1. Consider R301 against the criteria (1) within 30 Å of Q199 (Cα to Cα); (2) touching a strand residue (DSSP E or B) at 6+ places or on another chain (Cβ under 6 Å); (3) of a type outside the set (V, I, T): it satisfies all of them except one. Which criterion is unmet?
2. What residue, of I195, I217, is assigned by TED's automatic domain parsing to the domain that holds T148, farther than 20 Å from Q37 by Cα, β-branched (V, I, T) and crowded, with 24+ Cβ neighbours inside 10 Å?
3. Sort out which residues of the range 227-266 are in the same structural domain as V41 (by TED's automatic domain parsing) and basic (K, R), and write them in order of number.
4. Does E269 meet the test of being surrounded by fewer than 19 Cβ atoms within 10 Å (Cβ to Cβ) and over 25 Å from A326 (Cα atoms)?
5. Pull out all pairs, ordered by first then second residue, where Cβ-Cβ is under 6 Å, the residues are six or more apart or on different chains, the first lies in the range 171-182 and is farther than 17 Å from S61 by Cβ, and the second is part of a helix (DSSP H, G or I).
6. Only one of these is touching a residue at least 40 places away in the same chain (Cβ under 8 Å) and of a type in the set (D, E, K, R): R434, R429, R384. Name it.
7. Kindly establish whether I321 is hydrophobic (A, V, I, L, M, F, W, C) and touching a Cys at 6+ places or on another chain (Cβ under 9 Å).
Amino acid sequence: MALMTMLNTNNDQFNDQWQQLQDALSLKEALRGNQDQLSAVRDIIDTVQTGGDKAICALTSRFDKVDMTPETIRISETQLAQSHAQMAPNLLTALRQSIENVRTYQTNILVKQPTDVTTNGATLGVRYKPIKRVGVCIPGASAPLVSTVIMTVVPAQVAGVSEIAVISSPSYEGSIHPDILGTCYELGVKEVYRISGAQAVAALALGTETIPKVDKIVGPGNSWGQLAKVDLYGVIDIDSYAGPSDVLIIGDDSVKPAWIAADLLSQAEHNPGSATLVTNSQAVADNVIAELEIQIKQLSRGKETESCLKKWSAIVVAKDINECIALANDYAPEHLQILCKNCDTVAEQIDNAGAIFVGEYTPVAVGDYFAGPSHTLPIGGSSRFFSGLTSNDFIKSASLLKFNHAAINAAIVPVTTIANVEGLDAHARSLTIRSEQ
């Protein structure tokens, strides 16, 4: 079996093949295709709602094979401090650089308080306030994603969220990986629970005896936790369905094939992860395949990465760069890399992407760990309507209206006219009474 599927837009079967690739990664299957899993998630949510802490402990024992009591669900502050003290100095230095970059970027893009506008006695404006309490999901089963702690917690802190609760898998000796705990402590997060999956999301959304309920849940994770987020949306707010990673690269012969191959592998190694190259050159496609064959043998997760390349990845040879752009917009990737001539011009023509990485010196990994924008991004084609997580996602707005006597009198006729058409005479009366008394 070839390392990656090769598609060509000149092929009569291309449209069907391209659609099959998108369908394999789309959220339609994740959200609606597996009704058995969705039903099981709802059963878990109901169990947590009725059973509280005891249900959390039982479900954790069942799914994670970790025994705990209600008293040991939460990680102690002592353990957080000890984990922080044991972190490698070079890791702490790197994390602090990342935290500074993320905090600066998220502060700069935070929505500012607008100026109220007063016209003819009517003052209209908006007030922004941070969400009070937020839950953050940090994957930790297959790898200790300390970067995700930064990319989710720091935007919330910049927005002014006063209470942040972190959940993560108890997959490291029955607890959370110490580097995740140490990163939480570095950021001042003291509320951390060693639970994950649908039961953890349900606990955050509904509350238990030990875990106070939150107002919003953000962060990536497996399909169980993400389905629970979606099912509980409305009880709480969520960011998006943040699951398996994907990248689409627009590449041509101006960039080294070895670099393109390395960038494809960096997403495929997530397992699950998807990596697609769209190029205007058959030679580039062939050279990238050759580089992938060489580089994948050097990876510690080479076997898993190869599986992702074969299952969910492809190289597409298009007629020209304009067709590459059209395919990228149709695909709506989580990460879009532009590795071609006139990369800035190409970037201006991108409508759908969670994050856009422009130029040969901007690999996705620099965004994953260091640059400043959050790496929690919309997946599975959902960048058509979802955006990446920012500090503004932790802000809620309330309209502000203040009318004086003259302004309300000027509104009476239009308001009462519309209200009477709708048959809501009490609405109209609430204005007219102010002109009568």
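1. Status for R301: all satisfied but (2).
2. That would be I217, the only listed residue that is assigned by TED's automatic domain parsing to the domain that holds T148, farther than 20 Å from Q37 by Cα, β-branched (V, I, T) and crowded, with 24+ Cβ neighbours inside 10 Å.
3. Of everything in the range 227-266, just one residue is in the same structural domain as V41 (by TED's automatic domain parsing) and basic (K, R), namely K229.
4. So E269 does not fit the description; no.
5. P178/S83; D179/V146; I180/V146; L181/L80; L181/S83; G182/S83; G182/H84
6. Unique residue meeting the criteria: R384.
7. Yes; evaluated as a whole, the condition is true for this residue.
Yes or no, residue by residue, for (1) outside any loop (DSSP other than H, G, I, E, B); (2) surrounded by fewer than 21 Cβ atoms within 10 Å (Cβ to Cβ); (3) among the polar types (S, T, N, Q); (4) modelled with pLDDT of 95 or more:
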{"residue": "T183", "(1), (2), (3), (4)": "yes, no, yes, yes"}
{"residue": "V189", "(1), (2), (3), (4)": "no, yes, no, yes"}
{"residue": "Q199", "(1), (2), (3), (4)": "yes, no, yes, yes"}
{"residue": "A202", "(1), (2), (3), (4)": "yes, no, no, yes"}
{"residue": "T208", "(1), (2), (3), (4)": "no, no, yes, yes"}
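The values are calculated or read from the model by the stated rules, or taken from the named source; none is laboratory data. Keep in mind that this is a model prediction, so the values were computed, not measured. Glycine also receives a Cβ, built like all others from the backbone with ideal geometry; neighbour counts cover every protein chain displayed.
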